[in-house]
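The block underneath contains the structure these notes are about, expressed in structure tokens.
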Amino acid sequence: MRVPTKLKSISYILVTAIILLLSTIFWLLIISRSANSDLKLADEIQANFLERTSLRDRYFLYHEEFIRIQWEKSKQLSDSLLRQARLQLRDKKSLENIDALVRNIDDTAAIFNRIVANSNALKSAGGNREILEELDKRLSSQLLLKATLIRDTTFLLKNSALKSVQQRYRQLTVTILLLAFSLSIGIILWNILLKQQVQSKTIHLENEMAERKLVNEELKKMKNMLSDGEMISHMGTFEYVADTRTTFWSEGEYCIYGLDPEGTSPTYNDMLAKCIHPDDVALLHQTFTVAIQSGSVYELEHRIVRPDGSVRWVLDRAKPYFDQNSKLVGYIGSTLDITESKRIEQELQAKNTEMERFAYTVSHDLKSPLITIQSYAGMINKDLEKGKYERAQDDMKRIEGAADKMTSLLNDLLELSRAGRQMGEPSLIDMNRLIGDVLVQLTGVIEQSLVEVVLQPDLPTVLGDQKRIAQVVQNLIENAIKYRGDQAAPRIEIGTRQEGTECVFFVSDNCKGIDPRHFEKVFGLFNKLDAKSEGTGVGLALVKRIIEVHGGRVWVESDGEGMGSCFCFTMEL
Amino acid sequence: MRKITLVLLLIAALSGCNKSPSQDAGQRSTTPLQKITFAYTVQPQGTLVHVAVAKGYFIEEGLDIQSSIHTFGKAALQTLLDQKADFAVVAETPFMFNVLKGEKICVIANIEASNMNNAIVARKDEDISAAGDLKGKRIGFTPGTTSEFFLDSILTSLGLTRQAIKPVAMKPEEMQDAIIGKKVDAVCTWNFPLTQIKRQLGVDGVLFYDPEIYTETFNIVSKQDFVQQNPETVKRLLRAMIKAENFVAQHPDEAQSIVSKTTKTDQDIVREVWNAFAYRVVLDRRIIITLEDETRWAIKNKLTDRTVMPDYLTYIYLDGLRAVKPEAVKIGR
């Protein structure tokens, strides 16, 4: 039997026992009261008997009439008490005693009256005196005998009543003891069973807690896995509840939006107002509303704005779920941070544009010497037909010049191509030493152009292809010298500056400067701001290619023409 | 669970402390029976003895009763005095006369009392229709018994003396023939002969009672030295008598049948006289009062040589009954 069932059974038995015992006690109290009343009555009957005995003895002593009258009255009281006793007493033995008392008292009364009559007769007795005296003795003897019976019976009655009282009190005591015993046994059993129950529950609870702890740990682990997974895949999950227009976000979702995961998930309206890029709010709302109305899958690429102001691209995908009545309850979906893929996409697009422009530029710039060659080849034929050999030699020289230019263009293109594809093993580069070596190589040009070059000391060490980085620095210095214009005291400064966490290298000059409109153009292939200048226009394009291959950025700063320019790039330190 | 088992074992141990009464009875039944001779009568006064014998109460108490049955108590007492019985049942009058003779006998219990057992049955055809008509008539009686004492008492209540009648001494068993044969006009006797004679006389018979002048007692008596030497036997005998007393109180019809069968008396007669008797095993003052009253009568009428009242308390053995039923002893020393 299980412990709770045992407890229930014991409770039922105990309660039943207590009810029975309490009822018994109540009943015993009632009958004890009745027994006390019986005892009181028996006492009165005995007292009455003693009173009548006293009156009888006084009468025999004094023979006074008033005593006899009192005896008669006492007899009436005796009859009354016995009548009451007959109604009040219930047990057979007591009733038998009452009957005996009634009988004997009546007999006594009769004998007493005969004695009284005989006494009166004796007063006037003559020759029969002796007989009357003998009769008096006989009657008195019987009276005493009956009185003895009455006395014994009254004692018996009283003893019986007393025993009844004592018996009731004994029963009461035994019942109370039984009640106490039952209570004690009940409490002991209760205590034992409750202890067992508590122990069983404690073990069960401990097991449950251990299981719950394991489950919690598993859940925590899975949550962490999910969270890590979301972080790794730049993904978040969310739920939208249609009725309340509230949302529930995962930790990953908070991360995508740059919000504190400890905060509360924003409502749909708050999200629109605070998290979605203003240009995409209308599109998102319209798309989502249509999805809700049609109960279809919601999918949209849009931008979000983080609290720090940064803009990210995300892809939302959510699936609706319904209740048993096919009523839409909400959406469960995921948000994927696609900023990086967007950037790559944009870069690819830029590359494609650049490739198209490159193809166009290459075909256009290579086409120009070819046309020259074609034209002068035709003119050579005509000159040779006409015998103009000197002129033909001039034309030949022009063709050679055009071919040289094509060769130069193709070499630069080859170099540019290599810069994008071929990289040496990256190594730590001491930039002061590298730039110093470049300046040594360019000593002739620098001195010839009267340019002052200033190199900051203590430049940082960077990681990269030493040969290519040297090419970047050399191109930038040559570019500054080439476009020094008519600056009387040209000056080139090479150094670094700190921007946030980034270390920016720069090569600045005080020469011609660049119109900000051409900041991008200067890094284009074959682009030269001054068409008359030397070179193929590949130098800065090559710089840009090398820096980007190294994971850095390159740009130009200038306050405009004549204000000098500053070419900047970043490198991995 | 072990604690619950311990509690239950404790309860079982406590409940096992009470020894069953049947175990005691079983042990007693293994002891050998003690042979005793009991002289008793075929009178209704001996009902408790008849019942105790018939119900086997003596055997239950370890007594093997040898019955010595007589027609009246005086004869039974004589058997005791003749050393032929250990116990006898007898009314107080023969006991009183023998005490006055100096016999060392004692009452161990009163087993019956009645003020309606003694009466005079008379023939109407001898001009006896009222008690006063007994004057000058022949009245049979048994000397030395309650019959003699009751006769004198009723005569006194009628304002007569024995000299006013013609007393005829006879044994109880002679009375029926005597009155039927008109050898006497009336007889003073007890039951069952009293009722049997009345029935036989039919309308010619008349009974004269006076319940206010005499109360007969019937008692178990023994020799004083016997009870002193055999107190345990007395207790066993008394226990058997108390069992009979309880049986008679609870099963009067069956008791009447037993008495009818053992006394060879018509059951109608037994039933008719039944309520005249109170069958109680007691020792109370009545026996002393009656003995003293009868002793005064005997001395006055010169029925004894003694002139001094004996101390009857010394002729009553209280210890036996006090040991087996103390509440039945109402005499203090």
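Data overview
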read-out	value
The range B:196-218, subset open to solvent by less than 10 Å² (accessible area, probe 1.4 Å) and within 30 Å of A:LEU144 (Cβ to Cβ), residue farthest from the other protein chains (Cβ to nearest Cβ)	B:PHE218
Residue within the range A:202-221 that is modelled with pLDDT under 85 and either open to solvent by less than 90 Å² (accessible area, probe 1.4 Å) or out of contact with any Leu (no Cβ under 6 Å at 6 or more places or on another chain) (or both) present	no
For B:ILE258: the one exception among (1) of a type outside the set (D, E, K, R); (2) modelled with pLDDT under 95; (3) in a helix (DSSP H, G or I)	(2)
Residue list for the range B:304-325, restricted to those being open to solvent by 70 Å² or more (accessible area, probe 1.4 Å), over 18 Å from B:ILE105 (Cα atoms) and assigned to a helix (DSSP H, G or I)	B:ARG322
Test: A:ARG129 is more than 10 Å from every other protein chain (Cβ to nearest Cβ), open to solvent by 30 Å² or more (accessible area, probe 1.4 Å), over 60 Å from the mean Cα position of the chain (by Cα) and touching a residue at least 40 places away in the same chain (Cβ under 8 Å)	no
Among residues of the range B:58-80, those that are touching a residue at least 40 places away in the same chain (Cβ under 8 Å) and within 19 Å of B:LYS171 (Cβ to Cβ), counted	7
Residue, farthest from A:HIS364 (Cα to Cα), within the range A:415-441, restricted to residues that are of a type in the set (A, V, I, L, M) and at pLDDT 80 or above	A:LEU428
Residue check, B:LYS261 within 18 Å of the chain's Cα centre (by Cα), under 22 Å from B:ALA39 (Cα atoms) and open to solvent by 20 Å² or more (accessible area, probe 1.4 Å)	no
Enumeration of residues in the range A:315-332 that are open to solvent by less than 40 Å² (accessible area, probe 1.4 Å) and within 28 Å of the chain's Cα centre (by Cα)	A:ASP316, A:ALA318, A:PRO320, A:LEU328, A:GLY330, A:TYR331
Conditions (1) hydroxyl-bearing (Ser, Thr, Tyr); (2) open to solvent by less than 20 Å² (accessible area, probe 1.4 Å); (3) over 30 Å from B:LYS137 (Cα atoms): number failed by B:SER67	(2)
Residue in the range A:359-379 that is touching a Gly at 6+ places or on another chain (Cβ under 7 Å), β-branched (Val, Ile, Thr) and in contact (Cβ under 8 Å) with a residue 60 or more places away in the chain present	no
B:THR265 more than 14 Å from chain A (Cβ to nearest Cβ) and in a helix (DSSP H, G or I)	no
Residue that is farthest from B:TYR214 (Cα to Cα) [pool: residues in the range A:69-115 that are surrounded by 14 or more Cβ atoms within 10 Å (Cβ to Cβ) and β-branched (Val, Ile, Thr)]	A:ILE98
Some residue of the range A:168-184 being more than 30 Å from A:SER11 (Cβ to Cβ) and of a type in the set (Val, Ile, Thr)	no
Which numbered condition A:ASN118 fails, given (1) more than 9 Å from chain B (Cβ to nearest Cβ); (2) open to solvent by 30 Å² or more (accessible area, probe 1.4 Å); (3) not hydrophobic (A, V, I, L, M, F, W, C)	(2)
Matching residues in the range A:145-187 - criterion: being among the β-branched types (Val, Ile, Thr) and either within 13 Å of chain B (Cβ to nearest Cβ) or on the phi > 0 side of the Ramachandran plot (or both)	A:THR148, A:ILE150, A:THR153, A:THR154, A:ILE185, A:ILE187
Pick from the range A:29-68, criterion open to solvent by 70 Å² or more (accessible area, probe 1.4 Å) and aromatic (Phe, Trp, Tyr), ranking: nearest to A:ARG170 (Cα to Cα)	A:PHE66
Filtered residues of the range B:137-156 (kept if open to solvent by 30 Å² or more (accessible area, probe 1.4 Å) and in contact (Cβ under 8 Å) with a residue 40 or more places away in the chain)	B:LYS137, B:ARG138
Test set (1) open to solvent by less than 30 Å² (accessible area, probe 1.4 Å); (2) in contact with a Leu (Cβ under 6 Å, 6 or more places away or on another chain) - A:GLU572 fails condition number	(1)
Unique match (being surrounded by fewer than 19 Cβ atoms within 10 Å (Cβ to Cβ) and touching a residue at least 12 places away in the same chain (Cβ under 8 Å)) among A:GLY464, A:GLY436, A:GLY444, A:GLY500	A:GLY436
Residue that is farthest from the other protein chains (Cβ to nearest Cβ), among those in the range B:278-316 that are more than 16 Å from the chain's Cα centre (by Cα) and among the aromatic types (Phe, Trp, Tyr)	B:TYR315
Pairs where the first residue, in the range A:294-307, is more than 24 Å from A:VAL329 (Cα to Cα) and the second is of a type outside the set (Gly, Ala, Ser) and surrounded by fewer than 16 Cβ atoms within 10 Å (Cβ to Cβ), C-beta under 6 Å, 6+ apart	A:ARG303/A:VAL311; A:VAL305/A:VAL311
Helices (runs of 4 or more DSSP H) fully within the range A:238-337 counting 3 or more residues that are among the aliphatic types (A, V, I, L, M)	A:268-274, A:281-294
Index of the failed condition, B:LYS235 passing every other in (1) part of a helix (DSSP H, G or I); (2) over 19 Å from B:PHE87 (Cβ atoms); (3) among the basic types (Lys, Arg)	(2)
Residue match in the range B:172-184 (condition: crowded, with 18+ Cβ neighbours inside 10 Å, out of contact with any Cys (no Cβ under 6 Å at 6 or more places or on another chain), away from chain A (no Cβ under 14 Å) and over 30 Å from B:HIS50 (Cα atoms))	yes
Test for B:THR290: is it touching a helix residue (DSSP H, G or I) at 6+ places or on another chain (Cβ under 7 Å) and in the same structural domain as B:ILE105 (by TED's automatic domain parsing)	yes
Matching residues in the range B:285-298 - criterion: being in contact (Cβ under 8 Å) with a residue 60 or more places away in the chain and open to solvent by 10 Å² or more (accessible area, probe 1.4 Å)	B:ARG286
Test set (1) of a type in the set (Gly, Ala, Ser); (2) over 19 Å from the mean Cα position of the chain (by Cα); (3) buried (at least 21 other Cβ atoms within 10 Å of the Cβ) - B:SER222 fails condition number	(2)
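The values are calculated or read from the model by the stated rules, or taken from the named source; none is laboratory data. Since the structure is predicted, the reported quantities are computational estimates derived from the model, not experimental observations. No Cβ is skipped: glycine too gets one built from the backbone with ideal geometry, and neighbour counts run over all protein chains shown. What goes into the accessible areas is simple: the full protein's heavy atoms, side chains included, and nothing from ligands, DNA or RNA. Shrake-Rupley method; radii C 1.70, N 1.55, O 1.52, S 1.80 Å.
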